[in-house]
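For reference, the structure discussed in these notes is given below.
The values are calculated or read from the model by the stated rules, or taken from the named source; none is laboratory data. Bear in mind that the values here come from a model prediction, so they are computed numbers and not experimental data. Glycine also receives a Cβ, built like all others from the backbone with ideal geometry; neighbour counts cover every protein chain displayed.
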Amino acid sequence: MSAAARAVDVWKVYGVGEAQVIALRGVSLEVERGKFTAIMGPSGSGKSTLMHCLAGLDSVTRGQVMIGEAMVTGLSDAGLTKLRREKVGFIFQQFNLLPTLTAEENILLPLAIAGRKPDQEWYQTVINTVGLADRLSHRPSQLSGGQQQRVACARALASRPEVIFADEPTGNLDSRSGADILSFLRRSVSEYGQTIVMVTHDANAASYADRVVFLGDGRIVDELHSPTAEAVLDKIKSLDLTVGAPE
Ligand SMILES: Nc1ncnc2c1ncn2[C@@H]1O[C@H](COP(=O)(O)OP(=O)(O)OP(=O)(O)O)[C@@H](O)[C@H]1O
Ligand SMILES: [Mg+2]
């Protein structure tokens, strides 16, 4: 089976000369369809950069990115916009909802922009799964942080995208709301076959994933399958030792 998203020897260099930062140094990654993949690593290791490159939000300096069968690398801005609309869902740390729209309008906005009608049965499933049925007419300011993030999750899922990218989706939530979001993401993978890539700093959050990929200084340095929070913490500890050691 083909990957839902794929990076092949991806390099990302920001700036030039003395200001140059090499954020990714030859990353190759296959994101398996219907799986929940977590990306971990120290601050500045390239997690967000990798996610943005995979999602077509940022261009790569070298290498290739594919989403499903579609080549992302080399697309025009218009092509990228279309690809993101059709194939990608996003969940950010700062929920990124439009304040003047209701929850329901926010959830349906990407479909509306793409000129698509929601599949009613799927829409109801999403609303019920995120537990928002009685909050649909509320605006973001009338919702708690956890509820706002659930709206963002529903928005990402509404179009059943090829892959959902989430950058620290629980970073701004208390542990209870965070656990709700993580269980919801887990269910959308296990029960509905959604593919999710999530950046996180939190070993407990990573333990909801099927696979954890560890980045260090722009490279993939290790990975875990079916991780427990304990195994993730152990791995981080052991990686810290090698990262800190002289070359
Ligand atoms: N637009 C940019 N211009 C220049 N350098 C950048 C840019 N974006 C990221 N970087 C640099 O690239 C490196 C990787 O950044 P990135 O945001 O991917 O890290 P991260 O692993 O997501 O970190 P964090 O956990 O703090 O979010 C960092 O050194 C960062 O300073
Ligand atoms: Mg980041």
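Some points to look at:
- Residues satisfying the stated conditions in segment 135-180, i.e. in contact (Cβ under 8 Å) with a residue 40 or more places away in the chain, within 16 Å of ligand 2 (Cβ to nearest atom) and buried (at least 22 other Cβ atoms within 10 Å of the Cβ): Phe165, Ala166, Pro169
- Verdict on Val21 being within 16 Å of ligand 2 (Cβ to nearest atom), surrounded by fewer than 15 Cβ atoms within 10 Å (Cβ to Cβ) and over 17 Å from the mean Cα position of the chain (by Cα): yes
- Screening Lys117 with (1) closer than 28 Å to Asp202 by Cβ; (2) modelled with pLDDT under 95; (3) surrounded by fewer than 22 Cβ atoms within 10 Å (Cβ to Cβ) gives one miss only, at (1).
- The condition (being touching a residue at least 24 places away in the same chain (Cβ under 8 Å) and either more than 16 Å from ligand 2 (Cβ to nearest atom) or small (Gly, Ala, Ser) (or both)) is satisfied by just one residue among Ala114, Ala78: Ala114.
- Residue in segment 30-42 that is within 12 Å of ligand 2 (Cβ to nearest atom) and more than 16 Å from Ala209 (Cα to Cα) present: yes
- Within the set Leu215, Leu224, the sole residue that is over 25 Å from Phe95 (Cα atoms) and hydrophobic (A, V, I, L, M, F, W, C) turns out to be Leu224.
- Segment 187-203: number of residues that are crowded, with 17+ Cβ neighbours inside 10 Å and either aliphatic (A, V, I, L, M) or farther than 19 Å from Gly44 by Cα (or both): 9
- Only one of Ala112, Ala152 that is more than 16 Å from ligand 1 (Cβ to nearest atom), modelled with pLDDT of 90 or more and closer than 28 Å to Tyr208 by Cα: Ala152
- Test result for Tyr208, at pLDDT below 95 and either crowded, with 20+ Cβ neighbours inside 10 Å or among the aromatic types (Phe, Trp, Tyr) (or both): no
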